[in-house]
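Structure record follows, encoded as structure tokens.
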């Protein structure tokens, strides 16, 4: 079995190498776009054919009323476990002899050594990501942010993990305008903020005439959170026995597959490094983790990442994307069914604001994790390429469903080596399935696939819905409320609720956005709130229902 898997992986890698050589000369391979869920937000992949929220106007005759947002935390430091992996490379690099080609090896020191205090915490890059996102949204939706801050008007919720809470704080500092006040010369009348900034220990005036700059301070906000072991909204994956059982089953399949991939790369890395010993699979993984850290956080691509060819990077990226799908996306129904309480929060929030049960509310801002966002996106049917059943034994399963937009930088011809390799792999799987339980990935090894972590789950990835209300001075026709779905600041249609960009979850190509409103009617890519509620209320649940969804006797069939 192991030899057969390695032979298949060799076919994958050879196909990718051929494909990389076939890239158009104008396209440069930038590894910073190929880091899957470790991509920083600035280098995320765009959603094909989806317009920017800043270029796509509000629906005619409607006014933004409310914003519901869920965001992954920003770029973070490696976790303690990943730091330990990276730290072990000091010994490996001491055994490497090819310092002529890689001179950095000679003086290399682990960037995470002695940094346990920072493990898993929000990085300065992530702080900037969240602040900048909030600032852009404040400029785009000024009427939503214009009112005085109160916690009941702008609710902010975070998981009980410091990087998520710090992301919430960074976002709030950019979302709400700073509070301005004059500088005080007389310390007896100074506000606490001015006193801290302007007084010395003797309380002497710092200014002679009371003249000075206007001071500003960030808006103080309330951030609510639930305990990690009792958070059905943002950490449902921690309290779901059915998911835990499914995760173990998935790991039993994925872990050997991942290890086989790393082992395949070991001889090539041994040769490049000038090693006189064999590299283990765990050492290959550690090298990849170092590359992810350097390219994703430090913006450094000339050291560890140079050890990997573009084709190998694409293979490793694909592995991470497969892991994302199988553990958090469409790989098993429990992966996304457990996000039903979060969808319930979204549905109830929109409904309450529209029905004026909470007329004062203007925004609800939630901050969690990749494991929070992707299950919700999957439950809503976004980025679903699995309409064709790759696990069936019929010839129909050989059909690829990924985007084939000719405007993609990395589009491959149908007769390409990579296309042939993928179909060859499927045929081998169909042949072997009669006599074995050999598992095969359900997403194609193609760079133009829709399901890529660098597109749907980079650091700082976000999804928000804007609720619009019809203005009294507008047209008498049309629904009272519209909902707009925005993913990573790009407007996308809500599945099965209008729009020409999606066909049951798969984006179509060659869309002329200038003609979009005409082709789609007055609603454009927006959805009537009533239709939105009809689509999603049956999938939503209240937090108390999570126990029922996650009971071990629940069905965990793959999708």
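Laboratory data are not the source of any read-out in this text; all were calculated from the coordinates shown. Only a predicted model underlies this, so the values are computations on that prediction, with no experimental measurement involved. Because the Cβ atoms are built from the backbone with ideal geometry, glycine has one as well, and the counts that use them run over all protein chains shown.
Descriptive notes on the structure:
- Debye log10 I(q)/I(0) for segment 66-168, one point scatterer per Cα, at q = 0.21 Å⁻¹: -1.09
- Available extension along the chain between residue 54 and residue 547 is 173.4 nm, counting 0.36 nm per residue and deducting the alpha carbon span.
- Averaging the Cα positions of each part gives two centres, and for segment 532-547 and segment 91-165 these lie 32 Å apart.
- Per-residue packing, averaged as other Cβ atoms within 10 Å, sorts the ranges 440-448, 80-88, 344-352 into the order 440-448, 344-352, 80-88, beginning with the highest.
- The fraction of Cα-Cα pairs per 5 angstrom bin, counted from 0 for segment 138-182, comes to 5, 18, 25, 25, 16, 9, 2, 0 percent, rounded to whole percents.
- Packing rank of 224-230, 541-547, where each peptide gets the mean count of other beta carbons within 10 Å, highest leading: 541-547, 224-230
- Cα-projected label distance for residue 238 with residue 30, points at 7 Å along beta-carbon direction, nm: 3.5 nm
- The order of the peptides 243-253, 286-296 by mean Cβ neighbours within 10 Å, most packed first, is 286-296, 243-253.
- With a simple spin-label model that places each label point 7 Å from the Cα along the Cα-to-Cβ direction, the separation between residue 97 and residue 352 comes to 6.9 nm.
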